1. Which one of 167, 176 is touching a strand residue (DSSP E or B) at 6+ places or on another chain (Cβ under 7 Å), assigned by TED's automatic domain parsing to the domain that holds residue 484 and surrounded by fewer than 18 Cβ atoms within 10 Å (Cβ to Cβ)?
2. So which residues in the range 392-411 are at pLDDT 90 or above and farther than 17 Å from residue 330 by Cα, if there are any at all?
3. If you check 175, 135, 189, 160, which single one turns out to be farther than 30 Å from residue 426 by Cα and modelled with pLDDT of 85 or more?
4. Could you tell me whether the range 431-450 includes any residue that is more than 30 Å from residue 255 (Cβ to Cβ) and in contact with a helix residue (DSSP H, G or I) (Cβ under 7 Å, 6 or more places away or on another chain)?
5. Test residue 418 against the criterion of being under 30 Å from residue 351 (Cα atoms), outside the structural domain of residue 181 (by TED's automatic domain parsing) and more than 12 Å from the chain's Cα centre (by Cα), and give yes or no.
6. Is it the case, given these coordinates, that residue 435 is farther than 20 Å from residue 231 by Cβ, under 12 Å from the mean Cα position of the chain (by Cα) and part of a helix (DSSP H, G or I)?
7. Can you give me the number of residues within the range 130-150 that are surrounded by 10 or more Cβ atoms within 10 Å (Cβ to Cβ) and over 38 Å from the mean Cα position of the chain (by Cα)?
8. Exactly one of (1) closer than 30 Å to residue 297 by Cβ; (2) in contact with a helix residue (DSSP H, G or I) (Cβ under 6 Å, 6 or more places away or on another chain) is unmet by residue 213. Its number?
């Protein structure tokens, strides 16, 4: 028995025509739905199994352009959709081949091999003299090691009346009564939030060294570090909201609920591309309350996608919306999989990015003038193509949705040409979220919403370090020592940017001996440290540092401080 629908009897020509029209409409609808589902499947497969970079093959783009009636001309350069960069087809200096020399700053352990005494005698009866040597180098690795630091606090009492016992005061600590030193705390934070290492793996690594540290202990240390760094995180927020130009984006993260189950939380990033600082924030939902709270005092230009949660900020009049061409371009790249007409827009957007590459090293005013001269005419051409496509394509097709997005954002997408400080897209904010995307594949979820907020704080710190080329480990270790005695009114001196401008670069670049807390914090209290040294000793040009005589630690390279 056939499950096909019965075809009604056609008794006259009018009935036949009506039936044909109905079947034609249904067929057209099914074809559109099929095309939409195929496009969604292609996009999903591309995101899961294809290349992450949204690059259009130049030959494919050229072929599509040649098939269109209103051909704008061949495109001979590849279109880089992710960063706007394209390889330069010109002479490129060939990289030197062979083994590269080892870095000169690494300590050398010299091992001399001499010939046998019998071979030092010549056949003529004379002794051979040393005329030179052959030196070969190989790179060795010494695993990181733990060092127990004993802080001895002397006690004094009167031998006669046995009264008035005094004891040396305990040194200040950022995390009071903690078993971990500042270096270990910094290592745990960097391992998780920079190297994306879950704490259970770190627990196993420590166990191989014979150190039994439970995962709950490591979690407690991370929470303690986040609590200690909270004043710096608050200062970063104040400095970010005081800027005049920000880029923002967000991504999802799984958060475990308090009463079982999980939910999709959000991690937001707010980047100051001019001030080289970034702040992360965690919220339980994707509602507008998160951005509204962070940017309550912000006045200036905000570059983001078309998320409706920012509309309240734009309507307030104190925040000016700046569009993102990367989001607009991405939709046309996806539509290009099924409709070659998208090549018209892809090629012209690529020309906008070519202007941006030419303006990379220009001053703010020179960049603005170049955009006025070259980008404005291109925007006129893009507007013409946009209007033509809007009349020609179906509204619900992939290309139609790309055109609708471009139309809705058209006014704010043109504003970057008015100010040389503004970027053409907010890709830099998206790049800040990559560290979350990579880490999310390893630690999988946040244990609670409070844990997600701690992660946002620590991401703010380590990512701000990267923006100013400061090693996060060196920064965290130094700042955790300083926090205990640093005045709160001067907390702005401890942000990664301010730290880099003072002692950061010099302290991070030199494998100097470990300084006492009193030296780092400016306190008069003394603290004894186990000083790890290299074979060659240490000389420091910094004021107040002296060379320590060699000790038994000098012969053990496993105790050298990390650079």
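The values are calculated or read from the model by the stated rules, or taken from the named source; none is laboratory data. In this text the structure is predicted, and so the values were computed from the model without any measurement. Reconstructed Cβ throughout: ideal geometry from the backbone, glycine too, with neighbour counts over all protein chains shown.
1. Working: 176 fails: touching a strand residue (DSSP E or B) at 6+ places or on another chain (Cβ under 7 Å).
None of the other options fit; the residue is 167.
2. 411
3. Values: 175 fails: modelled with pLDDT of 85 or more; 189 fails: farther than 30 Å from residue 426 by Cα; 160 fails: modelled with pLDDT of 85 or more.
Within the list 175, 135, 189, 160, the selection yields 135.
4. Within the range 431-450, none of the residues are more than 30 Å from residue 255 (Cβ to Cβ) and in contact with a helix residue (DSSP H, G or I) (Cβ under 7 Å, 6 or more places away or on another chain).
5. Values: under 30 Å from residue 351 (Cα atoms): yes; outside the structural domain of residue 181 (by TED's automatic domain parsing): yes; more than 12 Å from the chain's Cα centre (by Cα): yes.
Taking the combined requirement at face value, the residue satisfies it.
6. On the way: farther than 20 Å from residue 231 by Cβ: yes; under 12 Å from the mean Cα position of the chain (by Cα): yes; part of a helix (DSSP H, G or I): yes.
Judged against the criteria, residue 435 is a match.
7. The total comes to 0.
8. Among (1) closer than 30 Å to residue 297 by Cβ; (2) in contact with a helix residue (DSSP H, G or I) (Cβ under 6 Å, 6 or more places away or on another chain), the lone unmet condition for residue 213 is (1).
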